Amino acid sequence: MNDETEQKTKPSAPAGSQSSWIDDFDALDQECVRRALAGLGVKGHVIEGGLPFLVAEWEAFVSRVEAGYVGSFHSFQSKLSIRTSIARVFERVPEGLSRRLRRLVEPTDFRYRAVGCCNEDFLLDERMRHHYDPGRFFWLFGAPEGSRFE
């Protein structure tokens, strides 16, 4: 799949996983997440997809990284923006919802950290480094081992 096709694809949550967690988030929670995303200025399909879209995208990306990411560095950076959007949502929703969202993505975050990333190498424009604390935005620091950029 090329980068252009990959960006247009809007995957749903992995089979069986969405029904196991989505019931924990009611319509008000979902709308709160969509409002937070709209406030971030993300693309319309991300807002429309809301929480299920973000979680599915992060899980799919981490699975790809675990298998040994091969692709353009630009596409890799673009996928990292999904997790950054999730982190920004944490900051824009009520604390109780934020805690539940954090618990939801923690297992996938753990898997991402396990592939040997997260060092001092900032993966975005160096001029932006001061906006991102390495502890809170670990996915932006260090490409995972086994990644190959074309």
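Read-outs: derived from the displayed coordinates by stated rules, not from any lab. Because the structure is predicted, anything quoted here is derived from the model rather than measured. Neighbour counts are summed over all protein chains in view; Cβ atoms, including those assigned to glycine, are modelled from backbone coordinates with ideal geometry.
A few remarks follow.
- Between the range 20-82 and the range 117-150, the alpha-carbon centres lie 18 Å apart.
- Spacing of the two label points (7 Å from each Cα toward its C-beta) at Phe149 and Trp21, in nm: 2.8 nm
- Debye, to nearest 20: dipole size of the range 49-150, +1 on Lys, Arg Cβ, -1 on Asp, Glu Cβ: 360 debye
- In a fully extended conformation the segment linking Asp121 and Glu48 would gain 23.0 nm over its present Cα-Cα distance, using 0.36 nm per residue.
- The angle separating the long axis of helix 95-114 from the principal Cα axis of greatest extent in the chain is about 30 degrees.
- Per-residue ³J(HN,Hα) for the range 119-134, Karplus 6.51 cos²θ - 1.76 cosθ + 1.60, θ = phi - 60°, Hz, x for Gly and Pro: 10, 8, 6, 6, 8, 10, 4, 3, 5, 9, 3, 5, 7, 10, 6, x
- As a proxy for reagent exposure, ranking Arg83, Arg64, Arg100 by other Cβ atoms within 10 Å from fewest up yields Arg100, Arg64, Arg83.
- 222 nm mean residue ellipticity, helices alone, for the chain (DSSP H n ≥ 4; -39,500 (n - 2.57); rounded to 500): -19000 deg cm²/dmol
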